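Visitor: Got a structure for you, written out below as structure tokens; questions coming shortly.
The values are calculated or read from the model by the stated rules, or taken from the named source; none is laboratory data. Keep in mind the model is a prediction, meaning the values are calculated, not measured. Cβ coordinates were reconstructed from backbone atoms using ideal geometry, including for glycine residues, and neighbour counts include every protein chain displayed. Just the protein is used for accessible areas: all its heavy atoms, side chains included, with ligands, DNA and RNA removed. Shrake-Rupley method; radii C 1.70, N 1.55, O 1.52, S 1.80 Å.
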2 protein chains.
Amino acid sequence: MLSTMQDVPLLVTRILQHGMTIHGKSQVTTWTGEPEPHRRSFAEVGARAAQLASALRDELGVQQDDRVATLMWNNAEHVEAYFAIPCMGAVLHTLNLRLPPEQLVFIVNHAADRVVVANGTLLPLLVPLLPHLPTVEHVVVSGVGDRSGLEALAEERGFRVHDYEELLAGRPQTYDWPELDERQAAAMCYTSGTTGDPKGVVYSHRSIYLHSMQVNMTESMGLTDRDTTLVVVPQFHVNAWGLPHATFMTGINMLMPDRFLQPAPLAEMIEGEKPTHAAAVPTIWQGLLAEVTARPRDLSSMKQVTIGGSACPPALMRAYDELGVRLCHAWGMTETSPLGTMAHPPAGLTAEEEWPYRVTQGRFPAGVEARLIGPGGERLPWDGTSAGELEVRGTWIAAAYYNGVDAEPLRPEDKFSADGWLKTGDVGVISPDGFLTLTDRAKDVIKSGGEWISSQELENALMAHPEVAEAAVVAVPDDKWGERPLATVVLKEGASAGYTDLRAFLAQSIAKWQLPERWALIEAVPKTSVGKFDKKVIRQQYAEGVLDVTTLD
Amino acid sequence: MLSTMQDVPLLVTRILQHGMTIHGKSQVTTWTGEPEPHRRSFAEVGARAAQLASALRDELGVQQDDRVATLMWNNAEHVEAYFAIPCMGAVLHTLNLRLPPEQLVFIVNHAADRVVVANGTLLPLLVPLLPHLPTVEHVVVSGVGDRSGLEALAEERGFRVHDYEELLAGRPQTYDWPELDERQAAAMCYTSGTTGDPKGVVYSHRSIYLHSMQVNMTESMGLTDRDTTLVVVPQFHVNAWGLPHATFMTGINMLMPDRFLQPAPLAEMIEGEKPTHAAAVPTIWQGLLAEVTARPRDLSSMKQVTIGGSACPPALMRAYDELGVRLCHAWGMTETSPLGTMAHPPAGLTAEEEWPYRVTQGRFPAGVEARLIGPGGERLPWDGTSAGELEVRGTWIAAAYYNGVDAEPLRPEDKFSADGWLKTGDVGVISPDGFLTLTDRAKDVIKSGGEWISSQELENALMAHPEVAEAAVVAVPDDKWGERPLATVVLKEGASAGYTDLRAFLAQSIAKWQLPERWALIEAVPKTSVGKFDKKVIRQQYAEGVLDVTTLD
């Protein structure tokens, strides 16, 4: 028996229409490096999104399902593209400007993008790629930047170049948005892919709509129209964790840093614009902390900072606690839109009692079902000690990759279970009350003598040492044990701790059999394009004998 | 082009599974009239819901789509029924115990309920109806109450009687919940119907799921697992405004008053259990205010009280402000699940500046699209002055009634527009920033000389008079103007205000041509079964000459 409810699809279009009317006065503020940032109301962003959609359709010939790429920083124009492209029925493809050039070429060709909308400041990155991008017919340039190289190339290769503002000028400020199927593709994002080719995740209108509701819920970011969120996490990184959609859904003001992602301008924009919330990966907060330690700034407007992308060193959370800024752990991935968990402690605890919950990845919302699968494929209990691979299921979680599930070296069964759950590749435990603690990437777990050692637990323990700036631990082959941990450490400036000091420090919290024998001091931990530790590089350096390794008895 | 997201249905089952695991320790506390209330955890409620589903299937033979009715107060067992019945694929039909007996008979027969789950204390209401309910094969009785009459009748009429606890005892605490279509019927509720037969609204799993997310959002009730909500609004009244589902979705504790809805026990349970939130119609808060004025109680735990069902007199909101309890206006109806709007003022205002926003019905969330339709069918602007009938559209809004759109006197076109929007029957204005102010029911508007006079505006102005307890204004026929307002007034005890005083008071805020000429003092304003002013009765009393009407010059 069916219900008598209206059959209304969940569309990004509804979010746009709602934001630009009910919350029309809310603002997207974009940092410009000038004394005054640029401010545009949601109503204006909505009107300009309509103009952009008209231009794409009437001038560039974009049709339903066409992929339109963006190579842009976080700014108002990128928000306009976020709404115009999906709402007209096309597919927004955000390009990660930190990917190596060959990967960018791969993903534009794989997605067969017809249009690229780019910030002028990113043309030095885009122009050298264009000769290798045969599907691109149009490049739309927004903002400052030298366009001469682009225009010369356009003539030679036969694509067209448009100025973003000229394209919009004079077009109607409304658009007859089509009524779409809620399962229609709205946006796509390729995983940064530390192994093999990047893989495309295609979000639907439905998944974005539901994810936006979740982002706004109190158990997630708890945003209201009284708040301003500093969106540091890039719009090319899993849709800036859903914030551009979530903000339009409830009228939260957005503060967009554009290309000014260095600690000094970030500190300046927080002090000047007083955001209540922010979202970024740990390395950003690490850098900001160093900045405000050297040159104190008032960060106290920030009530809640969502931190994700990789696990946050507890010492960093403590340091921000002292500044009156609460970092809140979240876990997710490109394949989960990304909101998977968020670490709000349960009620009625003291600050110290909250601590063990705050350092977990957090609890799952109702929209994310979770299970732990043991090494033998068995389902493990939520007992806080049984460690297994996390699998998740839900409306905003991927079931496949775009035209690429069978691309090497990935086989579909590596990422998706037979019954349709996503295999996250993360290993961890879940407490009886549903708090997830990830201990490692499945591929980073150290398998020593038939037992698992968590590389991440060792890293966190090391980074709690006052003289350690960063530490990464990887598995290296060992004749006797199969694998053993190698600790690579970046010391703070002027630090003098030796390996035996560090091992003694570790021994205070880590079981003896898990303590690393192999140690190396390094200049910096290699990072991926989105700021995660790139352990693949360390393993390779070790294999090639490039690292200066000391082995303790 | 379709997305690569998982195709996971939005089911009430997911809410149940989530609440009983992740929030298993959260509590449903039921008032018993004894010194200690009854407490049951979400985990226990979930296990018992599984037992109830087993019993309904294996013992009573309930199958997919069968309607299972409840005639119950707000209590833990009713929450169990709320999950067991929809999650097993059957349809929960909540019976409004305040309906006149003939309407109850009508709706049970119209829905063809096979089972009725009833509180023992409600058997005196149910037993006399049973001879007229041929589709009912089973009556399940929960809690205290004399069952002898029921058992005698069962033998005579051939239905079976079960004890709720005996039915559950020993059954498995898990159930293999079926994977349903999200558009499957989950629950139904008949409108109280001041005119014509009651009309059934059938909610889907999808509509309940999305509505639950909205209830929890900060722009609505903003609930967290640190909160406790006092659910005064009955579970038979639009699913208690969605609270039993919303609480399981985010782990909010529920405080359930069972049959103890009188001001004194409500004050006692608030003082004793310290709920942070509550939800009820204005008359409940009116009664509670009188109670705590006479016998002071500490209500200060309550951060936010959602008030709906009918417009809240501003004077009542002011009185609670002084007690430190914030009443927050919401608007909705059975056909809207019910959340339509909620009145949180915009940011950055002083308490006095917030006031004009707080007395509106509030703003629409993204899930509710709204338009105003003028007397000639034209679409009106959101300018804060153009008054029209409100029409709404969204995933949790009805498109039709259950097997009854063509029931007299309702024609489908009276309630649903040709393009599928719900005609609310409410008349109002919308401000440019989306705040809805309802001025009247379409049928209560006074059409005087080609202009509209709002009966509700007159009532609110009258109820602001210090000697007025209640006031209802209705349209009565007038030879010269077509219709004119009749003011019926309930004075406070010991009050001495005369009609000319009241009219002079009104003239301070109301245009002269709108001031009523006809006045009558009455004992109490007649109310419908859910506590709304029943103006039909007043109009009828006037037509029959029963009212003692004075006409001023």
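Visitor: Would you tell me the mean number of C-beta atoms belonging to other protein chains that fall within 10 Å of each C-beta in A:185-191, as a whole number?
Guide: Counting Cβ atoms of other protein chains within 10 Å of each residue's Cβ and averaging gives 2.
Visitor: Need one value for A:198-210: mean number of C-beta atoms belonging to other chains within 10 Å of its residues' C-beta atoms.
Guide: Across the residues of A:198-210, the mean count of other-chain Cβ atoms within 10 Å is 3.
Visitor: Would you mind checking the range A:291-309 for residues with the amide N under 20 Å from a putative spin-label position 7 Å along Cα→C-beta of A:Glu493?
Guide: Taking a point 7 Å out along Cα→Cβ of A:Glu493, the residues of the range A:291-309 whose backbone N falls under 20 Å are A:291-297.
Visitor: How many nanometers, to one decimal and shortest first, lie between the label point of B:Thr551 and those of its other copies, if labels sit 7 Å from Cα toward Cβ?
Guide: Distances between equivalent label points, in nm: 11.1.
Visitor: Using a simple spin-label model with points 7 Å from Cα along the Cα→Cβ vector, what separation in nm is obtained for B:Ala347 and B:Glu155?
Guide: 7.1 nm
Visitor: May I pose another question? Suppose you put the label 7 Å out from Cα in the Cβ direction; list, shortest first and in nm with one decimal, how far A:Ala152 is from each other copy's label.
Guide: 10.4
Visitor: Tell me the angle of helix A:101-111 to the major Cα principal axis of chain A, expressed in degrees between 0 and 90 and rounded to the nearest ten.
Guide: Approximately 60 degrees, to the nearest 10.
Visitor: Note down the nm distance, to one decimal, between modelled labels 7 Å out along Cα→Cβ at B:Val144 and at B:Asp163.
Guide: 1.6 nm
Visitor: Suppose we keep just the alpha-carbon trace of the range B:446-551; what are its Rg and Dmax in angstrom?
Guide: Taking only Cα atoms of the range B:446-551, I get Rg and Dmax of 13.0, 40 Å.
Visitor: Right, here's the next one. Let me have the relative contact order for chain A, percent, based on Cα pairs under 8 Å that are six or more residues apart.
Guide: Across chain A, relative contact order equals 10 percent.
Visitor: Provide the per-residue ³J(HN,Hα) series for the range B:227-236, in order, calculated from phi with Karplus coefficients 6.51, -1.76, 1.60 and θ = phi - 60°, each as a whole number of Hz, with x at glycine and proline positions.
Guide: 9, 10, 10, 7, 9, 7, 4, x, 5, 8
Visitor: Now for a different question. Any idea what angle helix A:42-54 forms with the longest principal axis of chain A, computed on alpha-carbon atoms, 0 to 90 degrees, nearest 10?
Guide: 70 degrees
Visitor: Would you tell me the mean number of C-beta atoms belonging to other protein chains that fall within 10 Å of each C-beta in B:220-230, as a whole number?
Guide: 3
Visitor: Could you derive backbone 3J(HN,Hα) for the range B:156-163 from the dihedral phi with the Karplus parameters 6.51, -1.76 and 1.60 (θ = phi - 60°), listing whole Hz in sequence and x where the residue is Gly or Pro?
Guide: The phi angles translate into 5, 9, x, 9, 9, 10, 10, 8 Hz.
Visitor: Here's another thing I want to ask about it. Express in nm, to one decimal, how much length is gained between A:Trp481 and A:Asp58 on full extension, taking 0.36 nm for each residue of separation and deducting their alpha carbon distance.
Guide: 145.7 nm
Visitor: Hey, what number do you get for the protein assembly as shown at 222 nm if only DSSP H runs of n ≥ 4 count, each worth -39500 (n - 2.57), divided across all residues, to the nearest 500?
Guide: Per the formula, -8500 deg cm²/dmol.
Visitor: Ok, one more. Quick one: net charge of B:Gln184's neighbours, Cβ under 14 Å, K/R +1, D/E -1?
Guide: -2
Visitor: What is the minimum Cβ-to-axis distance for chain A, in whole Å, where the axis maps A onto B, and to which residue does it belong?
Guide: A:Met213, 2
Visitor: Please report the spacing between the Cα centers of the range B:307-343 and the range A:476-546 in Å, no decimals.
Guide: If we compute the Cα centre of each part, the gap is 60 Å.
Visitor: Using amide H atoms built in the peptide plane, which far-off residues or other-chain residues are under 5 Å from A:Ala185 H to H?
Guide: Answer set, sorted by chain and number: B:Leu2, B:Ser3.
Visitor: Among B:Ala495, B:Gly482, B:Val546, which residue has its Cα positioned farthest towards the positive end of the charge dipole of the range B:481-553, with +1 placed on the Cβ of Lys and Arg, -1 on the Cβ of Asp and Glu, and the dipole taken about the Cα centre?
Guide: Checked the options; the winner is B:Gly482.
Visitor: Below 14 angstrom from the Cβ of A:Ala469, what's the summed charge of the other residues (Lys, Arg +1; Asp, Glu -1)?
Guide: Around A:Ala469, the charge tally is -3.
Visitor: Return the equivalent ellipsoid semi-axes of the protein assembly as shown as a descending list in whole Å, where each equals the square root of 5 times an eigenvalue of the C-alpha gyration tensor.
Guide: Over the Cα atoms of the protein assembly as shown, the semi-axes work out to 54, 36, 28 Å.
Visitor: Please say if chain A is rounded, prolate or oblate, where rounded means a/c under 1.5 for a ≥ b ≥ c the square roots of the C-alpha gyration tensor eigenvalues, and otherwise the choice is prolate for a/b larger than b/c and oblate otherwise?
Guide: It is prolate, given that a/c is not under 1.5 and a/b is the larger ratio.
Visitor: Distance from a point 7 Å along Cα→Cβ of A:Gln540 to each backbone N in the range A:97-130: keep the residues under 14 Å and list them by number.
Guide: Counting only backbone N, you get A:100-103.
Visitor: What does the charge add up to near A:Leu122, with Lys and Arg as +1, Asp and Glu as -1, over the other residues with Cβ less than 13 Å from its Cβ?
Guide: Surrounding charge for A:Leu122 is 0.
Visitor: Something else about it: Taking a probe of 1.4 Å, how large is the accessible area per residue of the protein assembly as shown, in Å²?
Guide: 36 Å²
Visitor: Now for a separate question. Before we go on, tell me the buried accessible area for the A/B pair, both chains summed, 1.4 Å probe, in Å² to the nearest 100. Write down the numbers at each step before the final one.
Guide: On the way: alone 22980 and 23000 Å², together 40080 Å².
For chain A against chain B, roughly 5900 Å² becomes buried.
Visitor: Using a Debye calculation, one point per C-alpha and no hydration shell, please list log10 I(q)/I(0) for the range A:368-441 at q = 0.17, 0.19 Å⁻¹ in order.
Guide: Cα-only, vacuum Debye calculation for the range A:368-441: -0.64, -0.77.
Visitor: Follow-up question, since we're still on this one. Of the heavy-atom accessible surface of the protein assembly as shown (probe 1.4 angstrom), what whole percent is carbon and sulfur?
Guide: Heavy-atom surface of the protein assembly as shown belonging to carbon and sulfur, 1.4 Å probe: 51 percent.
Visitor: Extending each Cα 7 Å along its Cβ direction at B:Lys25 and B:Asp419, get the distance between those two points in nm, one decimal.
Guide: Once both label points are built, they end up 5.2 nm from each other.
Visitor: Please report the antiparallel percentage of the DSSP beta bridges confined to chain B, to the nearest 5.
Guide: Numbers: 49 of 89 bridges.
Counting only bridges with both partners in chain B, antiparallel ones make up about 55 percent.
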